[in-house]
């Protein structure tokens, strides 16, 4: 079951969902709009290695915007910090961004109960597109969970994306055993 606008507000009041900053006008019928944060990152090496901590270069989107180019992977961040203590959050792209050829995630659209952080976006584009900090980029949809959660993401020892940082986080694949 997807939470309605009224249910999202009730969960915010109860403290099971947290969105900072919360803007009432961003609440849709059954979702909440999130915005592109100021920070972007790109990997500095032309070949990424899944067993290594690949270095990133961070930069801020200037006032006049930044042109994203096809063939480049950009890591972005949501302007909003979120916490979800009793629901499964899903991040989907805004259709308006999709119609500009902007994809905001390749594989990481689902959060876990207990996810408390900014959302790192895996941004790619079909054609060059100028983007701006603060533009609507995605929407969060919250699903109810049936049954009790045994270990929330926030307390899971193997959780790799718990460090609160308003900059995009690179892949932590290298922390896995394989």
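What to note about this one:
- Residues located in region 23-41, provided they are closer than 30 Å to residue 170 by Cβ and either surrounded by 15 or more Cβ atoms within 10 Å (Cβ to Cβ) or more than 19 Å from the chain's Cα centre (by Cα) (or both): 26, 31, 32, 33, 34, 35, 36, 37, 38, 39, 40, 41
- Among the residues of region 66-89, not one is surrounded by fewer than 16 Cβ atoms within 10 Å (Cβ to Cβ) and farther than 13 Å from residue 125 by Cβ.
- If you go through region 139-158 and pick out every residue that is closer than 28 Å to residue 42 by Cβ and at pLDDT 80 or above, you end up with 3.
- When residues of region 111-133 are limited to those that are assigned to a strand (DSSP E or B) and more than 9 Å from the chain's Cα centre (by Cα), the one surrounded by the fewest Cβ atoms within 10 Å (Cβ to Cβ): 130
- Here residue 164 passes the criteria (1) surrounded by 14 or more Cβ atoms within 10 Å (Cβ to Cβ); (2) in contact (Cβ under 8 Å) with a residue 60 or more places away in the chain except the one numbered (1).
- Looking only at region 1-21, residues that are surrounded by fewer than 15 Cβ atoms within 10 Å (Cβ to Cβ) and either part of a helix (DSSP H, G or I) or within 16 Å of the chain's Cα centre (by Cα) (or both) come to 7 in all.
The values are calculated or read from the model by the stated rules, or taken from the named source; none is laboratory data. Predicted, not measured: the structure shown is a model, and the values here were computed from it. Neighbour counts are summed over all protein chains in view; Cβ atoms, including those assigned to glycine, are modelled from backbone coordinates with ideal geometry.
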